[in-house]
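Asker: Dropping a structure here in structure tokens format, bear with me for questions.
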There are 6 protein chains.
Amino acid sequence: MRYGARNQLIGKVRGIKKGKLMSQVDVMLDAGGLASSVMTIDSLKDLKLKKGDSVRVVVKAVNVLLVKEG
Amino acid sequence: MRYGARNQLIGKVRGIKKGKLMSQVDVMLDAGGLASSVMTIDSLKDLKLKKGDSVRVVVKAVNVLLVKEG
Amino acid sequence: MRYGARNQLIGKVRGIKKGKLMSQVDVMLDAGGLASSVMTIDSLKDLKLKKGDSVRVVVKAVNVLLVKEG
Amino acid sequence: MRYGARNQLIGKVRGIKKGKLMSQVDVMLDAGGLASSVMTIDSLKDLKLKKGDSVRVVVKAVNVLLVKEG
Amino acid sequence: MRYGARNQLIGKVRGIKKGKLMSQVDVMLDAGGLASSVMTIDSLKDLKLKKGDSVRVVVKAVNVLLVKEG
Amino acid sequence: MRYGARNQLIGKVRGIKKGKLMSQVDVMLDAGGLASSVMTIDSLKDLKLKKGDSVRVVVKAVNVLLVKEG
């Protein structure tokens, strides 16, 4: 399985919040740090995610913003 | 300074590649792992980035895709 | 503070709507015109936004669609 | 013609830069301020854009990041 | 009417789900297959969409992820 | 393998264009119609794509814009 995206990190689901239409999944990255994904409830059901599940976090580089502080 | 995005990681610039219009900045995350950002050359100049600079990596949660493998 | 994004406009928060998970912030741009941002309630809390607050509206150029009408 | 996006501003093309694959179009907004869009050269050709053309700038609210400074 | 995006498919609205803030519109593509769009309730109202309406589905190529399986 | 995205279509690579940093992959969808993805050359190499390869086209619903014409 290969993905056309520069950013790929592995983590474990730490929490899932559900709205009526959308859901938010918080992931503890194996490398350290946290990531969050917002998806539809429909997609959440397709993924059959539950706390502790291992997931791949994928982000295309064009959607990454860099900020230089100070 | 506060950002309206769930995903924020700190890292150091490891490499910069330049095309005619676009550039790609690879960042070694302090927590471990790599991130990449694609931006215009114009934005790269605004950031005045160079290798070793500390940057904040910002991604809105809606642009994070989760994949469940296996 | 420098951002790796071509589109940056300054404005003031005109209204905030909250769902269970997501929120919508409407901004009156200083240059004229309106902008809207959708973010998680979690991010809204981080920003501690209230009506009248000054904010920077940031959009990467890859996420801007141009339409030529007529 | 109606678009499913919260952010819609009208402007005039001020400049076009072309790379091999991608292009960058800078737009002077009628309300004031500048906007930039990155698209493929293929899409630029479809639009048949030239300097001075009137365009609609469309951005979905989920792709708008708010930053609160100071 | 010309759009600065590589991906444009025509379809008919098959269903609309509404949350408090966000909505999800499922579209049956004329070419076959399904597409879904998430937008604000405000944008849904602007579109005045109802089941059976013909819509153009527009996606910028930078937001398309390719996966090679197997 | 499960993806947290509403839009998933299967197709075959019809053509690949390469810039210095970015690449554009055009895909003929099995259901009919065309899709295009822009990714970094680095990601293209990871995918090891060549003409005729079968790929999954994945787009999150938040990045889908609907337009109602006429």
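The numbers here are math on the coordinates, done by the rules we state, and not lab data. Values in this document were obtained by computation on a predicted structure and should not be read as measured data. Virtual Cβ from ideal backbone geometry, glycine too; neighbours counted across all protein chains shown.
Asker: Please enumerate, by chain and number, the aspartates and glutamates with C-alpha under 17 Å from the C-alpha of F:K51, excluding those fewer than 8 residues away in the same chain.
Answerer: E:E69, F:D26, F:D30
Asker: From the square roots a ≥ b ≥ c of the eigenvalues of the alpha-carbon gyration tensor of the protein assembly as shown, which class results: rounded (a/c under 1.5), prolate (a/b over b/c), or oblate?
Answerer: Values: a/c = 1.05, a/b = 1.00, b/c = 1.05.
Rounded, because the longest to shortest axis ratio a/c is under 1.5.
Asker: Between copies, how far apart are the B:D30 label points? List them in nm, one decimal, shortest first, with each point 7 Å from Cα toward Cβ, please?
Answerer: Spelled out, the distances from B:D30's label point are 2.4, 3.0, 4.7, 4.7, 5.4 nm.
Asker: Please arrange B:R14, E:R56, A:R6 by how many other C-beta atoms lie within 10 Å of their C-beta, fewest to most.
Answerer: Values: B:R14 15, E:R56 19, A:R6 23.
The order, fewest Cβ neighbours first, is B:R14, E:R56, A:R6.
Asker: When the C-alpha atoms of the range E:7-60 are aligned to their principal axes, what extent does each axis show, in angstrom, from largest down?
Answerer: Over the range E:7-60, Cα extents along the principal axes are 32, 24, 16 Å.
Asker: Another question about this same structure. To the nearest Å, what is the center-to-center distance of the range E:7-30 and the range F:1-64, using C-alpha atoms only?
Answerer: 22
Asker: Just to verify a number: FRET efficiency for B:K50 and D:K51, C-beta to C-beta distance, R0 = 41 Å, to 0.05?
Answerer: With a Förster radius of 41 Å, E is 0.75.
Asker: What is the minimum Cβ-to-axis distance for chain B, in whole Å, where the axis maps B onto A, and to which residue does it belong?
Answerer: B:N63, 2
Asker: Let me ask something else about it. Could you give, in nm with one decimal, how far D:K50 is from each other copy of that position, shortest first, with labels 7 Å out from Cα toward Cβ?
Answerer: So the label point of D:K50 gives 4.3, 4.4, 4.4, 5.4, 6.4 nm to the other copies.
Asker: What value, in deg cm²/dmol to 500, does the helix sum -39500 (n - 2.57) over DSSP H runs of n ≥ 4 give at 222 nm once divided by the residues of chain A?
Answerer: Taken over chain A, the calculation gives -2500 deg cm²/dmol.
Asker: Also, I was wondering about something else. Quote the charge dipole size of the range E:1-63 about the Cα centre in Debye, to the nearest 20; the model charges only the Cβ of Lys and Arg (+1) and of Asp and Glu (-1).
Answerer: The calculated dipole for the range E:1-63 is roughly 100 debye.
Asker: I would also like to ask the following. Strictly over 23 Å apart at the Cα level, which of E:K18/E:K68; D:K20/D:K48; B:K48/F:K60; D:K20/F:K50; C:K12/F:K68; B:K17/D:K60 would you flag in this model? Intermediate results must be reported in sequence, preceding the final value.
Answerer: Details: E:K18/E:K68 34 Å; D:K20/D:K48 17 Å; B:K48/F:K60 32 Å; D:K20/F:K50 20 Å; C:K12/F:K68 31 Å; B:K17/D:K60 29 Å.
Long pairs (Cα-Cα over 23 Å): E:K18/E:K68; B:K48/F:K60; C:K12/F:K68; B:K17/D:K60.
Asker: For A:G15, which inter-copy label distances result when the label point lies 7 Å beyond Cα on the Cα-to-Cβ vector, reported in nm to one decimal and in ascending order?
Answerer: Reported distances to equivalent positions: 3.0, 3.0, 3.7, 4.6, 4.9 nm.
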